[in-house]
Structures are given as structure tokens and as C-alpha cells.
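*Asks:* After the C-alpha cells below, expect a handful of questions from me.
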Amino acid sequence: MPKRYDKILARLQKRPLSQSELSALLIEEAGLFGDVQSALEAFKNSGIPLEFACDRVYFRPNLTPISQETFCVVDIETNGHDPLLHTPIEIGALKFCGGAIVETFESFIFCEEVSEMITGITGITADMLVNAPKLPEVLGRFKSFLKDSIFVAHNVGFDYNFLSYALDSCGFGYLYNPKICTIKFAQRVLESPRYSLGFLNTFLEINSQNLHRAMQDSRVALEVFKICLQRMPENLSTSKDLLEFIQNPQQKEQNARIHKTHK
């Protein structure tokens with residue numbers, strides 16, 4: 001995945017930038033003949049959550065309480081495992097904010113061929129996709145739906161990277177939204193023999209049916225996410241705190257203490 005905005009993002013995560021500082025960094029990234037206004041618009045549309053106030057630019061998760069953050073829980077079904085060779089055939093997504101689902105997105109995606117293996121896993125056949133909208137249309141709507149929310153998925157690397165490659169191939173650019181993996185979150189705060197979505201569905205008594213369909217899996221991932229939020233340390237306040245906590249693989253003893261506290 002490209003690292004286009006990594007330098008700017010690293011600075012924003014530490015402190016707000018003046019708009020002139022941001023413009024200088026964007027011109028540096030865009031090159032000698034870059035247009036600052038075009039570079040700024042591309043940056044704003046990249047998925048990085050930003051707050052502009054009093055000539056300052058902030059990384060919004062530094063300021064946003066977890067309870068007020070918008071999380072987009074996403075699941076996709078695909079016609080294969082390689083984003084360079086295969087495409088999404090179904091997207092299901094739920095926007096979650098303030099303890100409630102505030103918006104949903106669900107669509108099949110046209111695909112001429114679906115292998116017997118994929119049909120066996122998902123139940124999706126090529127006939128079901130004949131009249132579905134094509135990939136650029138669905139991805140354009142999904143990018144507008146996602147905006148700059150925090151991208152959440154079970155095994156987030158797969159869904160995030162697959163969609164990011166697909167979006168860029170259709171001219172929408174790569175994703176730069178912050179992301180949360182519900183597997184890693186569960187491993188931080190839950191003691192479980194396994195952390196697959198199917199296992200947690202039973203272990204946590206979510207008991208949802210018809211897994212391996214995008215919307216249903218996103219609903220189960222959301223339930224896992226909600227349970228994890230209830231069991232996270234009380235000292236986590238902002239979205240940035242949550243992102244850092246999940247990304248930190250240490251403190252196994254703390255995990256055990258958290259688990260015992262909430263039993």
C-alpha cells in the first residue's frame with residue numbers, strides 16, 4: 001500500500017498544524033508543479049479524519065471522545081483472495097455512533113463468474129449478480145458512505161486492502177481511514193480459545209445465522225466490537241486512545257485483569 005500521507009499524518013497525530021504548514025507539506029508531497037488547492041482537496045478526500053478550526057488542522061481522533069466517534073463496520077465477499085486478480089462481489093457496512101447504528105450500506109456487485117468454491121462458502125452465484133450494479137458505481141457510493149469514519153472489520157487487513165486496491169483501480173484513490181481490527185481488539189480484552197468471527201459468534205452468544213454474507217458478518221463484527229468497547233480499560237477516552245490501545249500488542253497481564261474485572 002502507498003505511504004503518500006504518512007509523513008503528514010505522523011505530524012498531525014502529534015500536534016495540530018497551521019494551514020500554511022499543511023500546505024507546505026502537501027506541496028512537498030505533490031512535487032514542484034503541484035497545485036496546493038488540488039492537493040488539499042485530495043488530502044481532505046483521502047479518508048483521514050480532520051478538523052479545521054482557527055487556522056489549525058487537527059487529527060480528529062485526538063479530540064473525539066470514543067462515544068462520539070463514527071465507526072464504519074465493514075465486511076465484503078469476493079470472488080477470490082487476491083485483490084490484484086479478483087474483485088468484491090458484495091459489500092455490507094454499518095455506521096455506528098453514540099451506541100446506535102445510524103446508517104447502513106449494502107450492495108451486490110456485478111461479476112460474470114463466481115467459482116463453485118465461493119458459492120459453497122457464501123451462497124452467492126453468478127446468476128444473483130447478473131443485474132447488480134458494476135464495481136465503479138458501487139465503490140463510488142461506498143466511498144461517499146464511508147467518508148472519514150474509522151474503518152472497522154474482522155481481520156481488517158483483508159477487507160481494507162481489498163477495497164483500497166479496488167477503489168484506486170476505479171479512480172477513487174487508496175483508503176487512508178484509520179482502521180480497527182476486531183480480532184486484535186478481542187485479543188486485547190477477551191479471553192477466548194479462538195478469535196474467528198464464527199467462533200466468537202457462538203462464544204459470545206451473539207448466535208447470528210447465515211454467516212459469510214457481507215451484511216450479516218458486519219452485524220456480527222459490530223456486536224463483537226460493542227462487547228469489546230464494554231470491556232476496554234476505563235482510562236481510554238479519545239478515539240486516538242482506542243486506536244493506540246488496539247495496535248499495542250503488549251500488556252497481556254492487563255488483558256487478564258480486564259477480563260476478570262468484567263466476568
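The values are calculated or read from the model by the stated rules, or taken from the named source; none is laboratory data. All values derive from a computational prediction rather than experimental measurement. Every residue, glycine as well, gets a Cβ built from its backbone with ideal geometry; the counts of neighbours run over all protein chains shown. Side chains are part of the model used for accessible areas, which takes the heavy atoms of the whole protein and leaves out ligands, DNA and RNA. Shrake-Rupley method; radii C 1.70, N 1.55, O 1.52, S 1.80 Å.
*Asks:* Pick out the one residue from Glu253, Glu244 that is assigned to a helix (DSSP H, G or I), open to solvent by 40 Å² or more (accessible area, probe 1.4 Å) and modelled with pLDDT of 95 or more.
*Replies:* Answer to the selection: Glu244.
*Asks:* Scan region 182-204 for residues that are touching a residue at least 60 places away in the same chain (Cβ under 8 Å) and of a type in the set (A, V, I, L, M) and report the count.
*Replies:* Qualifying residue count for the region: 2.
This table checks each residue for (1) among the polar types (S, T, N, Q); (2) under 29 Å from Phe245 (Cβ atoms).
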| residue | (1), (2) |
| --- | --- |
| Ile8 | no, yes |
| Glu29 | no, no |
| Val36 | no, no |
| Ala53 | no, yes |
| Asp75 | no, yes |
| Thr78 | yes, no |
| Leu85 | no, no |
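*Asks:* Could you grab me the full set of residues in region 143-178 that are assigned to a loop (DSSP other than H, G, I, E, B) and open to solvent by less than 30 Å² (accessible area, probe 1.4 Å)?
*Replies:* The answer is Ser149, His154, Gly173, Leu175, Asn177, Pro178.
*Asks:* Where in region 179-238 are the helices (runs of 4 or more DSSP H), entirely inside, with at least 1 residues that are among the basic types (Lys, Arg)?
*Replies:* 182-189, 214-231
*Asks:* Just checking, which of Thr87, Thr78 is under 23 Å from Leu197 (Cα atoms), of a type in the set (Ser, Thr, Tyr) and open to solvent by 20 Å² or more (accessible area, probe 1.4 Å)?
*Replies:* Just one listed residue meets the conditions, Thr87.
*Asks:* When Phe151 is evaluated against the numbered criteria (1) farther than 18 Å from Ala166 by Cα; (2) touching a Lys or Arg at 6+ places or on another chain (Cβ under 9 Å), which criterion, by number, is the only one it fails?
*Replies:* Looking at each condition in turn, Phe151 falls short on (1).
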